[in-house]
Structures are given as C-alpha cells and as structure tokens.
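The values are calculated or read from the model by the stated rules, or taken from the named source; none is laboratory data. It should be emphasised that the depicted structure is a prediction, and the values quoted were computed from it without experimental measurement. Heads up, the Cβs are rebuilt from the backbone with ideal geometry, glycines too, and the neighbour counts pull from every protein chain shown. Heavy atoms of the whole protein, side chains included, go into the accessibility calculation; ligands, DNA and RNA do not. Shrake-Rupley method; radii C 1.70, N 1.55, O 1.52, S 1.80 Å.
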Amino acid sequence: MDFITAILNLDRRVIYTIVALLVVIPLIKPFSLPIRPTPETRGIFNYIDQLDPGSNVMIAADFDPASKPELLPMLKAVLAHCFARDLKVHVLTLWPSGPGLAQQAVEEEAKKFNKKSGEDYCFLGFRYGTVAVILGMVSSIPDTFITDYYTKPTRGMPIYQEVTSIRDFDYIVDIAAGATVEYWVVYAAEKTGVPMGAACTAVSATAYYPLLQAGQITGLSGGMKGSAEYEVMLRGKYGEAFDIPVGAATKGMDAQSAVHVFIVLSIIIANICYFISLKREDEERRRA
C-alpha cells in the first residue's frame, strides 16, 4: 500500500486521536502562538490602565457556565488588572446562574493580590430584576444590595464610605453572554455619564460594534480571542511584577489554532491524494 492509498483509507480513529492530542497538549504546555491585541480590546485595557489608584470599577459578570470558556478568563483578567492597579472593585451578576463562577473568580484573584473583602473589593452577588437593579444602583447601591453575597451589610463597609451609587464610579465593565450590555449602556452609562466597556461571546460581538462606533462603550472584547488578547496585554505589562501565568484563554487559542491548522492541512492533503488516485485510475483504464 503506497502513501496515497494509505491516506485515503486512513482510519478515522487516527484523526480523532490527533485532534484530541492537539487540544490537550497546548492546555498542558502552551505553544505561546503570537496574539495581537485589537484596538477594540485595547479600548478596555487602556481605559482601566489609566485610572488612578483607588478609583472605583464596577464589573458585571452576566454569564453562565455555558459561556465559561469564553468569558471567565476575561473576568479573571479584568479583576487581576484592577487589583494590580490598586483599584476598588465592585462585582455583581444579573444572571441567576452567574454567582458561582463570579465568586470563584473574585476570591481567586483577590487572594493572589492580598485584597480584602469590604475594603478593596466587594462581591455583591445576584439580584433579580435587571433594569430595576441597575436603576436602583444608580440611586443607591447600599439600598439596592443591603448585604453582599456573604450577607454582610454593605452600608457599613469601608468601600462604600466614599461611593454610594453608580454615579460615583470611574468605569463599568459588563462581561455578558446575553443582552445585558444594552441595559448597562442605556440605564447606567448613558444615564450617569460613567464610561463603560463590554466583553461578550464571539457570536454576539457584531451586535455591539454600533455601540463602539457611536462612542457609547470605550472598548469591546469578543469571545475567547478577545479574552486572550486581554491576557496577553496584562502579562506583557504586569506579568513579571505580579507573576501572572499564561491565561486559560491564551491556552485555549493555542489549542483552537492547532486544530484549525490540522483540519485545513488534512483537507488539502486528502483532496490532493484523491485527485492523484483519480488520475491513476484514468491511466489504468487507458492502458487496459
């Protein structure tokens, strides 16, 4: 059996095995393929990076486990960026299935940077109502979230002695798997004049480019690629100082890119072998 015949009769299990290896290996040992941050993602990073220490940033983690691979790395990267800049971070979610992921990310990143709950950050948790919750926070956060996620009263927290509503914030970031970006823009950013950035799933990104072009958001991160771009910028500026490792989105992009290259090469090689086999068959018929 020659090479052409072997390729055309290759057991599909061999292909599945190669794909599995190309997914697993980069997750364990990243290839560190080049990732060039886009202006859209830089819009979020640069705005946070120019905030003065002590500035207040609100992060809405409006996504669920189904969007975890795309958006959880972004949440962790933004949290790490804020903590590295010594910003005051306020985290909440408007999705019922969001608190678990948000809590995990907040606690992990706060521990890395030795930040204290109630002083350096506050995880408010979940409240039902979306628009009503946002409008409530525009008036008063302690009145809207009487306690934080851990049932501690917000009114007596040091972090809420100088800021009491969204109007007092310096920046808002909504990391969303649904349509909450629009609610935050209309009922928070536009109503109060507080600048805002957005991160969303890749499939939703195109819907928010009009907001970016209109100047209603300073930046837009789309899907795992956007999260990886943010991780690259974060490691590039703060990696050595804070020992920031390669992020999950960067590893995921390595695995995704490796599989894509393999699939494209497989299609090209298979087609070449197929046409060569057709030519051979035609020559054999002529000789016969």
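Note that segment 157-171 has calculated 3J(HN,Hα) couplings of 6, x, 5, 10, 7, 9, 10, 10, 9, 4, 4, 8, 7, 9, 6 Hz, one per residue in order, obtained from phi through the Karplus relation 6.51 cos²θ - 1.76 cosθ + 1.60 (θ = phi - 60°); glycine and proline are x. Heavy-atom accessible surface of segment 1-58, averaged per residue, reaches 68 Å², computed with a 1.4 Å probe. Where Rh denotes the Kirkwood radius from the mean inverse Cα pair distance, what is Rg over Rh for the chain? Ratio of gyration radius to Kirkwood radius: 1.15. Taking only the C-alpha atoms of segment 41-160, the Rg (one decimal) and the largest Cα-Cα distance, Dmax (whole number), read 13.6, 36 Å.
With a cut-off of 8 Å between alpha carbons and a minimum separation of six or more residues, what is the relative contact order of segment 187-288 in percent?
Values: 72 pairs, mean separation 18.7, N = 102.
Reported relative contact order: 18 percent.
Report the FRET efficiency, 1/(1 + (r/R0)^6), for SER32 and LYS68, where r is their Cβ-Cβ distance and R0 is 25 Å, rounded to 0.05. Calculated transfer efficiency: 0.65. With the largest listed first and rounded to whole Å, the semi-axes of the equivalent ellipsoid of segment 1-45 from the Cα gyration tensor are 38, 14, 9.
Roughly speaking, to the nearest percent, how much of segment 10-160's 1.4 Å accessible area is carbon and sulfur? About 58 percent, which is the carbon plus sulfur part of the accessible surface.
Residue order by solvent-accessible surface for ASP170, ASP254 is ASP170, ASP254, largest first, with ligands and nucleic acids left out and a 1.4 Å probe. Ranked from largest, the principal axis spans of the Cα set of segment 178-288 equal 84, 37, 20 Å. Accessible area per residue was computed with a 1.4 Å probe on protein heavy atoms; VAL261 scores about 90 Å². With both residues required to sit in the chain, DSSP beta bridges show an antiparallel share near 5%.
Across segment 133-146, computed HN-Hα scalar couplings (Karplus, 6.51 cos²θ - 1.76 cosθ + 1.60, θ = phi - 60°) run 5, 4, 5, x, 6, 5, 8, 6, 6, x, 7, 7, 10, 4 Hz from first to last residue, x flagging Gly and Pro.
Between VAL24 and LYS116, residue separation times 0.36 nm minus the direct Cα-Cα distance comes to 29.6 nm.
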